[in-house]
Amino acid sequence: MDKTDTQHLAWVGFERRMPSPALQPYIKWFWQIRTDHKLVQTRQEFMHSYGALSTIFNWEDALQFDNQGDSNPIIMEEIHPVSRQLVLTGKLHLFGILFRPGGASRIFNRPIIEMINTSQLSLLNMHELHEHLGSYPRIDDKVSYLEAKLLGSAPGLDIRHPILPRAIALIERSRGQAPIPIIASQINMSERQLERLFRDQVGLSPKKYSRLIRLHHTRTALKQLDTSSFADIALISGFHDQAHFNNEFKKSIGITPKEYLARHKERQMQFYK
């Protein structure tokens, strides 16, 4: 999510903060949405998967994901292979943590499957965090409190698994287009070992993670579309042809590349009015 992804969310008080240097290997960013009153209008926003776990703390009205309500005060957002739609409605007070791939597992020193199990929330002190974070209206105060708790008590911060970050870096450097056997050979692992590592700490196979990275770069290319054609973007994104590109994009995002670009331009026009 770059700056253009969040400009149009200013109307719901969206803010984002980067973590301190000590937590940057594990957390990508913190964010907050807060309104002082119930929204008069509702709007659907895409929640694209970045191949990493995210946590959402909610202190107001129930959220709606893909037209289904979720009244849980703590949502451990597992990694979805397709984009989801969040309906912004009612009164909002949300605080979120977007971890880096494998970051949550390393911080809490637990397999990713345990992180998304709601019965494990008490073991992760999530209920305590929810209670204290809700007492801070400003995002900076929330971040300061949370970072102090994580740096002071998270045993996983002492654990470094050098192989996973290397594998992720290789996949991201290739924009998700490098064959998995080549990635495995470059870090001196078998494909099976790499698969097990990803499923344990990331929650996805290397192949599915690569697919999310490729789609992320595809969305970025679409937003920067000036002289390039959809066929050009399909080619540089590693798709066989434009038809394959259109089908894969719609299956993952929910709309066609053309519809995605039109939606992005409409949001930009709304922001700059």
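The values are calculated or read from the model by the stated rules, or taken from the named source; none is laboratory data. Predicted model only: the values in this text are computed from it and were never measured. In this analysis, Cβ positions are derived from the backbone assuming ideal geometry, glycine residues included, and neighbour counts consider all displayed protein chains. For the accessible areas, the whole protein counts, side chains as well, though only heavy atoms, and no ligand, DNA or RNA atoms are used. Shrake-Rupley method; radii C 1.70, N 1.55, O 1.52, S 1.80 Å.
Output the residues belonging to segment 251-262 that are free of Cβ contacts under 8 Å to residues at least 24 places away in the same chain, part of a helix (DSSP H, G or I) and either touching a helix residue (DSSP H, G or I) at 6+ places or on another chain (Cβ under 8 Å) or of a type outside the set (D, E, K, R) (or both).
Start the filter on segment 251-262 by keeping residues that are free of Cβ contacts under 8 Å to residues at least 24 places away in the same chain, which leaves 255-256, 259, 262.
Those left that are additionally part of a helix (DSSP H, G or I): 259, 262.
Ala262, the sole residue that qualifies.
Going residue by residue through segment 212-231, is there one that turns out to be farther than 25 Å from His80 by Cβ and open to solvent by less than 20 Å² (accessible area, probe 1.4 Å)?
No, segment 212-231 contains no residue that is farther than 25 Å from His80 by Cβ and open to solvent by less than 20 Å² (accessible area, probe 1.4 Å).
Go through segment 153-174 and report how many residues are small (Gly, Ala, Ser), open to solvent by less than 70 Å² (accessible area, probe 1.4 Å) and either modelled with pLDDT of 75 or more or over 21 Å from the mean Cα position of the chain (by Cα) (or both).
At the first step, the residues of segment 153-174 found to be small (Gly, Ala, Ser) are 153-154, 156, 167, 169, 174.
Then keep just the ones that are open to solvent by less than 70 Å² (accessible area, probe 1.4 Å); that gives 154, 156, 167, 169, 174.
Adding the requirement that they be either modelled with pLDDT of 75 or more or over 21 Å from the mean Cα position of the chain (by Cα) (or both) leaves 154, 167, 169, 174.
Qualifying residue count, segment 153-174: 4.
Condition test on Leu235, is it open to solvent by less than 10 Å² (accessible area, probe 1.4 Å) and either at pLDDT 85 or above or within 14 Å of Ser83 (Cβ to Cβ) (or both)? Give the derivation first.
On the way: open to solvent by less than 10 Å² (accessible area, probe 1.4 Å): no; either at pLDDT 85 or above or within 14 Å of Ser83 (Cβ to Cβ) (or both): yes.
Answer is no for this residue.
Counting just the residues of segment 4-21 that are within 22 Å of Glu266 (Cα to Cα) and in a loop (DSSP other than H, G, I, E, B), which one comes out modelled with the lowest pLDDT? Full working, then the answer.
Just the residues of segment 4-21 that are within 22 Å of Glu266 (Cα to Cα), to begin with: 4-15.
Keeping just the survivors that are in a loop (DSSP other than H, G, I, E, B) gives 13-14.
Working: Gly13: 88, Phe14: 92.
Among those residues, the one meeting the criterion is Gly13.
Quickly run through segment 175-188 and pick out the residues that are open to solvent by 30 Å² or more (accessible area, probe 1.4 Å) and over 15 Å from Ser205 (Cβ atoms).
Scanning segment 175-188 gives Arg175, Gln177, Ile182, Ser185, Gln186, Asn188.
Please determine, by comparing only the residues of segment 75-94 that are of a type in the set (A, V, I, L, M, F, W, C) and at pLDDT 90 or above, which one is nearest to His37 (Cα to Cα).
The initial filter retains those residues of segment 75-94 that are of a type in the set (A, V, I, L, M, F, W, C), namely 75-76, 79, 82, 86-88, 92, 94.
Checking the rest, the ones that are also at pLDDT 90 or above come to 92, 94.
Details: Leu92: 8, Leu94: 14 Å.
Going through the qualifying residues, I end up with Leu92.
Taking the conditions exactly as written (more than 24 Å from Asp140 (Cα to Cα) and polar (S, T, N, Q)), does Ser54 satisfy them or not? Lay out the reasoning, then the answer.
On the way: more than 24 Å from Asp140 (Cα to Cα): no; polar (S, T, N, Q): yes.
Judged against the criteria, Ser54 is not a match.
I'm trying to understand the selection: among the residues of segment 95-104, which are open to solvent by 10 Å² or more (accessible area, probe 1.4 Å) and farther than 20 Å from Ile33 by Cβ?
Step one: filter segment 95-104 for residues open to solvent by 10 Å² or more (accessible area, probe 1.4 Å), giving 98, 100-101.
The answer is Arg100, Pro101.
Yes/no matrix, rows are residues, columns are (1) in contact (Cβ under 8 Å) with a residue 24 or more places away in the chain; (2) closer than 15 Å to Gly102 by Cβ; (3) touching a Lys or Arg at 6+ places or on another chain (Cβ under 8 Å):
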{"residue": "Gly176", "(1), (2), (3)": "yes, no, yes"}
{"residue": "Pro179", "(1), (2), (3)": "no, no, no"}
{"residue": "Arg196", "(1), (2), (3)": "no, yes, no"}
{"residue": "Lys208", "(1), (2), (3)": "yes, yes, no"}
{"residue": "Ser229", "(1), (2), (3)": "no, no, no"}
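Mind listing just one residue for me: the one in segment 115-136 that is open to solvent by less than 70 Å² (accessible area, probe 1.4 Å) and more than 18 Å from Ser153 (Cα to Cα) and, of those, modelled with the highest pLDDT?
Gly134
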